[in-house]
Every structure is written in C-alpha cells, then in structure tokens.
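Participant: Sending over a structure as structure tokens; questions will come in a sec.
Values quoted throughout were computed directly from the atomic coordinates according to the rules given, and no laboratory measurement underlies them. Quick caveat: nothing in here was measured; it's all calculated off a predicted structure. Cβ placement follows ideal geometry from the backbone for every residue including glycine, while neighbour counts extend to all protein chains displayed.
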Amino acid sequence: MPRYSLPAIVLHWLIALFIIGTFILGLVMTDIPGLSPTKLRYFSWHKWLGVTVLGLAALRLLWRLAKRPPPLPAGTPGWQQQAAHWMHILLYVLIVAVPVSGYAFTLAAGVPVVYFGVLPLPVFFGPDPVLKPVLREVHYWLDMSLAALVLLHVAAALKHQFIDRDGLLARMSPFGSTKEKA
Ligand code: HEM
C-alpha cells in the first residue's frame, strides 16, 4: 500500500500532538478561577503552542499543495472518498482558523503575543471591546468543532484498522517501511 511521504507523516503527528496539548491546556487554564501566576503561565504556553500549530499547519498545507497524497485503495466506495476529501479540507481549514481566532481574540483583548517570551509577534490591531467577546465565542466554537472533527477522523481511522482491516492506518504510520513512500 502506498504511504504518505516522511515530511507529511512527521507533520501530521506533530500537529496532532500539539493540537491535543493546546486543547487540553485551553480547557484547564480557563477553568482556573481568578488570576494566579500559574493561570497566566498556562495562558502564555497555550498561546505559544497554538502559534506553533499555525506554523506547522502552514508547512503542512504547503507540502500538501506541492505533493499529492497517495490514492485511496481501489474499490473505496465513492461516498467514502468524498467524505474523506471534505473531512480533510475541513480539518485543514480548522487547524488554521482555530489558532488565528485565538490570536485575534488575544489582540482584541489588548495583549500582544511574545512567542516563548522572546519574539514579539505582529500586532495587526489594537484592543477592541466590541470584537473581543465576539472573537472569544468564535475561538470557543471553532475549538469545539475541531475537537468533534478530530474525534470523527480518529473514529474513521479506527474503523479502517479494526473493522475493515484494510491497513489504511499504515499509510500514515511513523513506524512503517519507508521504501514505499508516495
Ligand atoms: C490549535 C490551536 C488552539 C487550540 C486547539 C485552542 C483551544 C482552546 C480551548 C479549548 C480553549 C478553552 C475554551 C473555553 O473553554 O472557554 C481556548 C481558550 C483560549 N485560547 Fe486557544 N486554542 C488554540 C490556539 C490559540 C492561540 C494561537 C491563541 C493566542 C495566540 C489562543 C488564545 C486563547 C485564549 C486567550 C483563550 C482564553 C479565552 C477566554 O478567556 O475565555 N488560542 N483555546
């Protein structure tokens, strides 16, 4: 079975790890009452990890545009091909839109982002009390949509692995043979 290329595989798993970490941190930090140093530290880490997701997502998108993914196995029903196609497009949109909305919310709240405390990132607009609550809602709902889609994506992969047993997961496995790269 043809596999994804090594850069696509590495980016896929890095993005997955970072998204899960950033998501959990987002839930944990917003649950901490008041304004403690720990809460502020978690907020900073959440933003740095989120910006890292955006950078990795940009690389993944460029790679995806430059190199076509391996074709689905012959005999995959048309509806499954369509579902996979649209699922992947939506995932790409969300892995960009989620960090962008978090970044925009942070700017609207009047907090510049200094990447890992050393690199000031661009401030595209200043504090905006009207936009701020809107962007908070937008970030929240995009987060939840991404979580739902990731769960669906994982469920589909597990179905292929354990019910259809068609070896589809091996295409994206970091542990498989590198001879058959596509
Ligand atoms: C993959 C990237 C990201 C994911 C999965 C993510 C996820 C989340 C989640 C789950 C929450 C908690 C929502 C809630 O329960 O209210 C949250 C909140 C937040 N996120 Fe993100 N986020 C990402 C990127 C970013 C980025 C890049 C920034 C800013 C640079 C950011 C800034 C914030 C802020 C400030 C909050 C707190 C919102 C509040 O005060 O209610 N996020 N994020």
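Participant: Are any residues in the range 86-113 surrounded by 11 or more Cβ atoms within 10 Å (Cβ to Cβ), without any contact (Cβ under 8 Å) to a residue 12 or more places away in the chain and more than 9 Å from the ligand (Cβ to nearest atom), and if so, which ones?
Facilitator: H88, V93, P112
Conditions tested, residue by residue: (1) basic (K, R); (2) more than 19 Å from T52 (Cα to Cα).
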residue: G117; (1), (2): no, no
residue: F124; (1), (2): no, no
residue: K132; (1), (2): yes, yes
residue: L151; (1), (2): no, yes
residue: A155; (1), (2): no, yes
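Participant: Every residue in the range 137-153 that is surrounded by fewer than 18 Cβ atoms within 10 Å (Cβ to Cβ) and either in contact with a helix residue (DSSP H, G or I) (Cβ under 6 Å, 6 or more places away or on another chain) or not β-branched (V, I, T) (or both), please.
Facilitator: E137, Y140, W141, M144, S145, A147, A148, L149, L151, L152, H153
Participant: Now for a separate question. If P70 satisfies every condition in (1) surrounded by 15 or more Cβ atoms within 10 Å (Cβ to Cβ); (2) within 13 Å of the ligand (Cβ to nearest atom); (3) assigned to a loop (DSSP other than H, G, I, E, B) but one, which is the exception?
Facilitator: All conditions pass for P70, except number (2).
Participant: From (1) within 16 Å of the ligand (Cβ to nearest atom); (2) over 16 Å from V150 (Cβ atoms); (3) among the aromatic types (F, W, Y), pick out the condition that doesn't hold for W79.
Facilitator: Tallying (1) within 16 Å of the ligand (Cβ to nearest atom); (2) over 16 Å from V150 (Cβ atoms); (3) among the aromatic types (F, W, Y), W79 fails exactly one: (1).
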